[in-house]
Amino acid sequence: MSQYESSVKQIPFPQERVYAKLEDLNNLEALKGKLPEDKVKELTYNRDEATINVPPVGNVTFRIIEREEPKCIKFEAVGSPIPVNMWIQIIPDGEEASKMRIVVKADINIMFRAMIEKPLKDGIEKIAETLSLIQY
């Protein structure tokens, strides 16, 4: 499996508050209007799962498989053409701020790696950037 990481994002809210918002995927409502419409056609969610329609891949569901309060939320992809695990790491940065990073592990066939790596890295960075802009 290959590992990809976003850059570390500063969030001007405490770790516990960021975790509380992100561990319940119903709170993805805060992302409405912030997602690039050319990249994400549809987003549906409930407490433990979020499904996105990403052309040309189609629907991919990310299911929460583990919560480590208040520092980490782990996901696995369901319906993805490749095995993917993702986690959001949140660490304190003083009492009133935190830092966040997204890590993705994907089992990409070496023949497709060159085609998939750049869009995957860009997508991870875009997700991290979008999550850093939410009002927690």
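Where a number appears in this text, it was derived from the coordinates with a stated rule and is not lab data. The model shown is predicted, which means the values in this text are computed figures rather than measured ones. Note that each Cβ is placed from the backbone with ideal geometry, even for glycine, and that neighbours are counted across all protein chains shown.
General remarks:
- Rounded to the nearest whole Hz, the Karplus-based 3J(HN,Hα) values (6.51 cos²θ - 1.76 cosθ + 1.60, θ = phi - 60°) of the stretch 2-13 follow the sequence 9, 10, 10, 10, 7, 6, 7, 9, 7, 10, x, 9, with x at glycine and proline.
- Using 0.36 nm per residue and subtracting the Cα-Cα separation, the extra length available between Glu69 and Gln135 on full extension is 21.8 nm.
- By the beta-carbon count within 10 Å of each Cβ, the least crowded to most crowded order of Leu28, Leu131, fewest first, is Leu28, Leu131.
- Potential extension, Ile110-Val54 segment - 0.36 nm per residue separation minus Cα distance: 17.9 nm
- By definition, a body whose alpha carbon gyration tensor gives a ≥ b ≥ c is prolate when a/c is 1.5 or more and a/b is larger than b/c, and the stretch 62-136 fits this prolate description.
- Extension gain for the segment Glu96 to Ala30, taken as residue separation times 0.36 nm less the Cα-Cα distance, is 21.7 nm to one decimal.
- Note, ³J(HN,Hα) from phi for the stretch 113-120, Karplus 6.51, -1.76, 1.60, rounded to Hz, x at Gly and Pro: 4, 4, 6, 8, 4, 5, x, 5
- Net charge dipole size for the chain [Lys, Arg +1 and Asp, Glu -1 on Cβ; Debye, nearest 20]: 300
- GluC sites (Glu not before Pro) within the stretch 67-107, DSSP loop, no more than 12 other Cβ atoms inside 10 Å: Glu95, Glu96
- Close amide H partners of Phe13, meaning residues 5 or more places away or on another chain with modelled amide H under 5 Å apart, are Ser98.
- Net +/- balance of residues flanking Gly58 in space, Cβ distance below 13 Å, scoring K and R +1, D and E -1: 0
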